[in-house]
Structure formats: structure tokens, C-alpha cells
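In what follows, a single structure is set out as C-alpha cells and then discussed.
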Amino acid sequence: MRYRELGSTGLRVSEIAMGCEGFMEDEYRMTGKLLDLAERNGINYFDLYASDPQMRAAVGRALKGRRDSFIIQSHICSVWKNGQYLRTRELPEVKAGFEEMMSLLGTDHIEVGMIHYCDSLKDWQKIIDNGVLDYAGQLKKEGRILHIGLSSHNPEVALKAVESGAIEVLMFSVNPCYDLQPASENVEDLWADQAYEHQLTNMDPQRQRLYEVCQEKGIGITVMKPFGGGDLLDAALSPAGAAMTVNQCIHYCLTRPAVACVNCGAHSPQQLLECIAYEDASDSDRDYAQVLSSFNGIRWEGHCMYCNHCLPCVSHINIADVTRFLNLTKTGNGVPETVREHYRVLEQHASDCIQCGACENRCPFHVQIRQNMQEAVKVFGY
Ligand code: SF4
Ligand code: SF4
């Protein structure tokens, strides 16, 4: 298992992480089975968005004697009322829900307290006005949560939260189809038939900016919906009309800037093993470029998807990395020191480019690589 820094939190998380979707299977016995398997394979991070008390209690039982093996991302504002899940911004409910969660989990702290599911600017304001954000800050001061996070499907809202400086971790829905769609307050819009009826070209600029700003500010992204709820794995269900593999979906997420880990929502040990197998998959098994090129009515044109198809470069330049660092300078804040340093330690730089053009013939997305190399020389100086 490979591990990544979760933004600037100081936490090192396994790039394959777990969602909790399957925990309730087999009358909650699956919780222990999945956590056992995760621990054996080096997974140290899981998300717990669900408020079902039986599930939380099952997690608490499964964690006994090995609390330190896992970094827990659990949600604030996701509560259980009248026998069902409720998202709330009412402070008394939020507080009671948090206390119940901590007691069911049997822990005195969680590493990431994730403010649950905020998809509209109005709701973000409510989180502030109702004192939820202050409450999260108080929990952090008390050491009951170590870092504050927010989960969202909407890049506009996520950007607002990230730029406010209030959050350190973002749980965001990332996959190649969502990435095409403009911001919306309704997550269903991202998968609606009408959203795919017209030609779609390239990643939505606001999403691109979100990833770049997160990278620049040291906000770690933990991914939800990497497989679009499973639809992306099935040509008949995918809005793109072509099936991706588990490896391709995971690799797509892990090659976006700022992404630290992918929360895979496995329903069985077999499904979790399929995700873990990504760690040993070959480059060609992970390669998503061909399948993206085959999507119906969707084009990525002139936009680097960090797929590495352009390699090998005759000058041994890591073209995707140079392009990624170049893009990170386009957020309008000059060249961040971290980006300058990441660029500096590359073995070869844009100035090593001899403008041969061989890479451009191999790029499935027709990126103007030579021009990017020239631009990188101007920006970084070499
Ligand atoms: S330049 Fe083209 S081939 Fe190279 S990483 Fe970017 S999208 Fe892929
Ligand atoms: S054009 Fe530059 S980046 Fe592309 S293969 Fe040639 S030397 Fe490498």
C-alpha cells in the first residue's frame, strides 16, 4: 500500500481508503470483516458518513483493541432521528449527534470531523450562522476532532469553504463524468440524462480550479463516488456509454491534484480486494486515456488529463508533472513556494525540452505540449 500526505494535516493516509456503504451488510457483521481485510492490507483510512447507530456501534466493536490502526473521517451534522438518517444544521441536534457518535464508536477523538454534505452557498452560510463551524472549532480545540473537513459535490461551495481557510480536508465527488459538469446544488443533476445530451468538452473550469486551489493551500481531498455509485463500471449505466474498470476509476482520482485517497465503497471483501488490487496493477491496467477518448459525446481537447500517454520523452521530462505544476500557477496567486519547490526537485525541467514534438503525436487529447514547456520555462525560469 502506498501512503500520501493528507494536505497539511500531517496525517499519512493509504491511497486506497474505505467508504462505509457495505458496513451494514450481513446484519452489520460486514463491518468487522471489511476492517479486518483493510488492516491486513495496509488501509488506514475510512469514511463514516452514515448515522445509523447500529452501524456506528458495529464500527466501535470492530475498532476495539486496534483504534490506532485507523484514521477515522466521521461526519458532524449527519444524525439519526425517528429511526432515519437526517442532515441537520440545528446546533442542539448536531451536538447530540456528535456525542452519540463518539460514544458508539468508543473513542475519545476522531482525526477528521467532516461537516456533512454541503451543496449550496446558502447552506454553507447556515453552517456559519448557526454556529456549526464554531462548534467544530471548539471540538478541535478540545482535541476531540483533530482536523475540520467538509463534504460536498458542488465545486462552487467547496471553493468557498476552502478559500475561507476554515477547513483542512475536503471530501469531494471525483470521477471523469462529474468532472465535466458545472456546479449544481442538486447532486442528481450530475447524472441526469439531459446533462449529457449535448457535446461536453473538457473538465469544468471551476472543478479544475478547485483541485488546483486545494493543492496550493494544502487542503487534502478524500474522494467519494469514484465509481459514480457503480454506474461508471457498466457501459449500459454510465452516462458516457463506455465502461471503465475499477483500476481506471481509482487512477483517474489519484492523478487529480490534491487528492490523497479514494474512499472505495465496497459491499463485500471481494469488492474491497478488487480496489486493493490497484496497488499492484500495471500501468496499462490503470491507463484511463483510451476509455476517456471513447466516451459518447465527450471530448477532452487540449486539456492535460495527467495520463502519461505522451511518455517517453526523449529528454526524460515528466510531462504530466511539469504540466500539473504549470497549471497550479494559474490560480492567480503567482507561483506558490510549494509548487516552485516541487518543480525544482524534478529530475528534468521544461528547459530540457528540445521541441521535437514526438510527445504530441502520442497525446490522445491533443495537448500542445511544446507550448506548455515553453510557458513553464517562462513561469519557473528553467
Ligand atoms: S500531455 Fe497528453 S498524454 Fe501527456 S499527460 Fe497530458 S493528456 Fe496525457
Ligand atoms: S517536445 Fe519536448 S517534451 Fe515532448 S518529447 Fe520532445 S523533448 Fe520531450
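Rule-based calculations on the coordinates, nothing more; no lab input. The model shown is predicted, which means the values in this text are computed figures rather than measured ones. Cβ: placed from backbone, ideal geometry, glycine included. Neighbour counts: every protein chain shown.
Let me make sure I get this right: for the range 247-306, a, b and c are the square roots of the gyration tensor eigenvalues over alpha carbons, sorted descending. Under 1.5 in a/c it's rounded, otherwise prolate if a/b > b/c, else oblate. Which is it?
Numbers: a/c = 2.05, a/b = 1.78, b/c = 1.15.
Verdict is prolate for the range 247-306.
Legend: residue pairs Lys160/Lys217; Lys330/Lys378; Lys122/Lys225; Lys33/Lys81, Cα-Cα distance threshold 20 Å; pairs beyond threshold, Lys122/Lys225; Lys33/Lys81. Once backbone amide H atoms are built at 1.01 Å from N, Glu111 has Ile72, Leu146 as its partners under 5 Å, excluding neighbours fewer than 5 places away on the same chain. Taking a straight Cα-Cα cut-off under 18 Å and skipping sequence neighbours fewer than 8 places away in the same chain, the lysines within cross-link reach of Lys141 are Lys95. All C-alpha pair distances within the range 319-380, sorted into 5 Å bins from zero, spread as 4, 18, 31, 24, 14, 8, 1 percent across the bins.
Between the C-alpha center of the range 278-313 and that of the range 329-382 there is a gap of 19 Å. Simple spin-label estimate for Ser268 and Asn186 gives 3.5 nm between the two label positions (7 Å along the Cα-to-Cβ direction from each Cα). Each of Phe295, Phe325 was scored by other Cβ atoms within 10 Å of its Cβ. Arranged with the fewest first, they read Phe295, Phe325.
Evaluated at q = 0.13, 0.16 Å⁻¹, a Debye calculation over the C-alpha positions of the range 1-153 (equal weights, vacuum) places log10 I(q)/I(0) at -0.57, -0.88.
Centroid-to-centroid, using Cα positions, the range 65-80 and the range 27-41 are 15 Å apart. 3J(HN,Hα) along the range 234-243, derived from phi through the Karplus expression 6.51 cos²θ - 1.76 cosθ + 1.60 where θ = phi - 60°, amounts to 10, 4, 6, 9, 5, x, 8, x, 9, 7 Hz, with x in place of Gly and Pro. Divided by 2.2 N^0.38 Å, where N counts the residues, the Cα radius of gyration of the range 213-364 comes to 1.14.
Averaging 1/r across all pairs of distinct Cα atoms in the chain and inverting the result yields a Kirkwood radius of 21.6 Å.
Note on His309, His342, His147: ascending count of other Cβ atoms within 10 Å places them as His342, His309, His147, the fewest first. Ranked for footprinting exposure by Cβ neighbours inside 10 Å, fewest first, Lys81, Lys141 give Lys141, Lys81.
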